[in-house]
Amino acid sequence: MRAIVLGGGGSLGAYQIGVWKALKELEVNYDLVVGTSIGAVNGALMAQGLNTYDFAKELWDTITIEDVTTDDIEMYMDFTDLYNTIKSFASIFRVIKYNFKTLGADTTNFKNYLAEHINLDKLYNSDILFALNTINITIPHVVNKTINEIPKKQLIDYIIASCSAIPVLQPHKIGFQKFIDGGYADNLAIDYARELGADEIIAVDLNYLKPTHEEEMKSDDVIYIFPSEPLGSFFSFNKQEIQQNQIIGYKDAMTTLLLKKI
């Protein structure tokens with residue numbers, strides 16, 4: 001079973017669309033997509049099949065900050081630092097400027113955006129299995145779920161939950177419980193893909209400075225794709241940056257995949 005594992009990184013997720021373009025051109029098929037945070041958003045699109053690529057690219061080319069939140073957010077660190085803030089809350093004050101009591105910006109707009117653009121019927125009927133991770137903070141534990149374990153009416157909520165990177169975005173409530181970004185547990189869920197039966201994994205990391213799972217770069221069952229150059233701010237929706245990051249993702253994927261002769 002071949003799995004695509006997509007890491008988190010906010011707007012840097014545009015890089016994964018470039019990787020997807022390379023997969024499509026090389027006719028690389030896959031049976032499973034496991035996503036974390038923005039990787040869960042892209043994963044839900046990828047699990048619908050290679051023919052969804054053009055639609056996904058159009059979404060990335062046109063998305064704005066207002067599609068995510070109307071709250072005023074000003075970022076001061078890259079996303080790798082963000083995933084350390086849960087361990088060092090003293091650094092929170094230099095991460096954001098807005099009402100701190102909320103523990104982040106409201107994501108109602110993003111939920112509505114995903115509900116409009118993710119085809120749930122197509123996703124649930126796909127031959128490609130989709131899975132994600134998040135963290136339950138009401139009853140503290142890591143939550144790994146496949147689409148088969150999530151009711152259709154809750155899937156968008158679980159995707160938002162996987163993306164809820166406090167303190168930038170608010171924890172997301174599902175029922176009576178609150179969830180935060182799965183990246184705080186594992187921002188590139190390679191092991192979870194293995195648990196689901198994957199014996200060949202194409203992992204797409206968004207971390208430029210230090211690969212999330214550097215030890216996996218030498219694993220026999222993993223093809224590891226990561227940025228060859230900086231991708232910029234993790235919460236920037238600048239059109240030029242988004243398009244440039246797609247180009248970098250495409251170039252890195254083609255180089256890696258052709259080298260591996262996949």
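The values are calculated or read from the model by the stated rules, or taken from the named source; none is laboratory data. The structure displayed is predicted, hence computed values, not measured ones. Every residue, glycine as well, gets a Cβ built from its backbone with ideal geometry; the counts of neighbours run over all protein chains shown. Just so you know, the surface numbers come from the protein's heavy atoms only, side chains and all, with ligands and any DNA or RNA stripped out. Shrake-Rupley method; radii C 1.70, N 1.55, O 1.52, S 1.80 Å.
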Which numbered condition Phe55 fails, given (1) under 18 Å from the mean Cα position of the chain (by Cα); (2) at pLDDT below 85; (3) open to solvent by 60 Å² or more (accessible area, probe 1.4 Å): (2)
Selection count where residues are touching a Leu at 6+ places or on another chain (Cβ under 7 Å), over 25 Å from Ile156 (Cα atoms) and of a type outside the set (S, T, N, Q), scope segment 171-217: 2
Filter result (surrounded by 14 or more Cβ atoms within 10 Å (Cβ to Cβ), in contact with a strand residue (DSSP E or B) (Cβ under 8 Å, 6 or more places away or on another chain) and under 16 Å from Asn119 (Cα atoms)) within segment 141-163: Ile147, Asp157, Tyr158, Ile159, Ile160
Filter result (surrounded by fewer than 19 Cβ atoms within 10 Å (Cβ to Cβ) and not hydroxyl-bearing (Ser, Thr, Tyr)) within segment 119-136: Asn119, Leu120, Asp121, Lys122, Asn125, Asp127, Asn136
Residue count, segment 190-203 (criterion: surrounded by fewer than 17 Cβ atoms within 10 Å (Cβ to Cβ) and assigned to a helix (DSSP H, G or I)): 2
Count of segment 26-47 residues which are surrounded by fewer than 24 Cβ atoms within 10 Å (Cβ to Cβ) and touching a residue at least 60 places away in the same chain (Cβ under 8 Å): 5
Residues located in segment 155-186, provided they are part of a loop (DSSP other than H, G, I, E, B), out of contact with any His (no Cβ under 9 Å at 6 or more places or on another chain) and at pLDDT 95 or above: Gly175, Phe176
Candidate set from segment 204-262 (those that are aromatic (Phe, Trp, Tyr) and at pLDDT 95 or above); member that is surrounded by the fewest Cβ atoms within 10 Å (Cβ to Cβ): Tyr250
Tabulated pairs, segment 229-251, first free of Cβ contacts under 8 Å to residues at least 60 places away in the same chain, second in a loop (DSSP other than H, G, I, E, B) and open to solvent by less than 60 Å² (accessible area, probe 1.4 Å), C-beta under 9 angstrom, 6+ apart or interchain: Pro230/Asp78; Asn238/Gly232; Gln244/Leu231; Gln244/Gly232
Test for Ser162: is it within 25 Å of Ile223 (Cβ to Cβ) and in contact with a Ser or Thr (Cβ under 6 Å, 6 or more places away or on another chain): yes
Filtered residues of segment 104-134 (kept if part of a strand (DSSP E or B) and at pLDDT 95 or above): Leu129, Phe130, Ala131, Leu132, Asn133, Thr134
